[in-house]
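Before any comments, here is the structure.
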Amino acid sequence: MKPAAFDYIRAETLAEVHAALAAEGGRARVIAGGQTLLPMLSMRLARPDVVVDIMRLPELGGISLEDASIRVGAAVRQAELLAWPPLAEQQPLLAAVLPWVGHAQTRSRGTVCGSIAHADPSAELPLALLALGGTVELSSKRRRRNVVAADFFTGLMTTARVDDELIDAVRFPCRQKGHGYAFREFGRRHGDFAIVACAAIIHDGGVTFAVAGVADRPVARDYPALEDGALDDALDALAWELEARDDLHASARFRRDLVRRMGRETIDEARRCRA
Amino acid sequence: MSRLNAGSRHRVRFTLNDEPIEGEAEPRLLLTDFLRHVLGMTGTHVGCEHGVCGACTVEIDGVPARACLTLAVQVEGARVRTVEGLAPEPGKLSVLQDAFRRHHALQCGFCTPGILMSLDNFLRNHPRPNEAAVREHLAGHLCRCTGYVTIVNAALDAAAKLRQTGHA
């Protein structure tokens, strides 16, 4: 398994990245950590003419707190965010999710924004971004724009990013006082892709509940404060709504059951964590 | 900005096991193939070639990484360590390597270079690991011979020895 031939651009400025993406459009792929792109290149699921390396741009590095959000630049590796000292205090859901992203040996290279860009339906970081109501910052030669997570993930590994755009950063809203956060995942082995992953946020208005691994993209729902029976009914309805399919790893029925049971456990845990 | 054309070979320079090194690579060449075919460093093994098995794990700029998920041109200017860099001198094993031998932590040896590189890095950053932490770190590697028990024992023993001697 070897990648097909491509030109490699080692960019040093944002203007160079924008120019390359404007010129090459859909024939170009951005490489950051490469932990998802390299398998796709090797299996020839992706055959770009040009690969643009953005890891030497200092302006894309860095984690910062801005407007009650954690802003994570495009060159920030997953391990770097996991090791960021204020993480658990600022956003417990992200701190819970990150150890489930790949393995230590891939988090060391893989980037946070790269996972968002790839938009795998079972990936943890898109789930967290959606559940928290985060934002994706995009830039191109033409414009800059911010897209909220609910509008960003548009289908199976498909996003609202257009060909000439670069993801500069993503923003995860910080923890809010009085909210409770929880995350659970079921897979055959730790580090495997999730069969089902759930995130729950308890707030005054009720619960925001999000699921990955079932539909073609992560899906979030807001429920008002429900009685236990009504909550179980809502989760059952959601389990059917997601149109789970059978695959090699799990049956549709098993996935629906995970949404019901693990979903409820996740919500209960978020209630207990409410501070 | 530099643009490396698809069809040509381009010079790549980096530090390999503390020595400056250079070779030529097409942009599409994986670091595994660069190490093995261009440089003749065959200690790094190639298993699944899509990042799952961990056999090709090396250290890039101080962190464990899959060489098969890395392009050779990406490591320009980086510090790379491979299994060839573990032994302190010819004929002498590192503490971790020695623990692997004593505990029979390998049978066929195919996965061993990657696991050694992962654990070498892990033990430097976690001098007092418990079994669960070692097992979680090993989750990034596949071994089809040992059942992992002897590998875990070797890692914990090496950690204890490293704490006594204070160096690798």
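The values are calculated or read from the model by the stated rules, or taken from the named source; none is laboratory data. On a predicted model such as this, the values are computed, not experimentally measured, just so you know. Ideal geometry is used to build each Cβ from the backbone, glycine not excepted, and the neighbour counts take in all protein chains shown.
Annotations for the structure displayed:
- The conditions of being in contact with a Ser or Thr (Cβ under 7 Å, 6 or more places away or on another chain), outside the structural domain of A:THR154 (by TED's automatic domain parsing) and under 17 Å from A:ALA123 (Cα atoms) are not met by A:ALA250.
- Scanning the stretch A:151-203 for residues that are surrounded by 17 or more Cβ atoms within 10 Å (Cβ to Cβ), touching a Lys or Arg at 6+ places or on another chain (Cβ under 9 Å) and under 25 Å from A:GLU227 (Cβ atoms) yields A:HIS179, A:GLY180, A:TYR181, A:ALA182, A:VAL196, A:CYS198, A:ALA199, A:ALA200, A:ILE202.
- Qualifying residues in the stretch A:26-81 (those that are of a type in the set (Gly, Ala, Ser) and without any contact (Cβ under 8 Å) to a residue 24 or more places away in the chain) - the one nearest to the other protein chains (Cβ to nearest Cβ): A:ALA46
- Across the stretch B:79-105, the number of residues qualifying as among the aliphatic types (A, V, I, L, M) and closer than 14 Å to B:PHE34 by Cα comes to 1.
- Within the stretch B:55-71, the residues that satisfy the criterion of being part of a loop (DSSP other than H, G, I, E, B) and either within 7 Å of chain A (Cβ to nearest Cβ) or surrounded by fewer than 24 Cβ atoms within 10 Å (Cβ to Cβ) (or both) are B:ASP61, B:GLY62, B:THR70.
- Filtering the stretch B:26-45 to residues that are free of Cβ contacts under 8 Å to residues at least 40 places away in the same chain and either on the phi > 0 side of the Ramachandran plot or assigned to a helix (DSSP H, G or I) (or both) leaves B:THR32, B:ASP33, B:PHE34, B:ARG36, B:HIS37, B:VAL38, B:GLY40.
- Neighbours by Cβ (under 7 Å, 6+ apart or cross-chain): first from the stretch B:119-142, within 11 Å of chain A (Cβ to nearest Cβ) and part of a helix (DSSP H, G or I); second surrounded by 15 or more Cβ atoms within 10 Å (Cβ to Cβ) and charged (D, E, K, R): B:ASN121/B:GLU59
- All strands (runs of 3 or more DSSP E) inside the stretch A:148-189 with 1 or more residues being of a type outside the set (Lys, Arg) and free of Cβ contacts under 8 Å to residues at least 12 places away in the same chain: none
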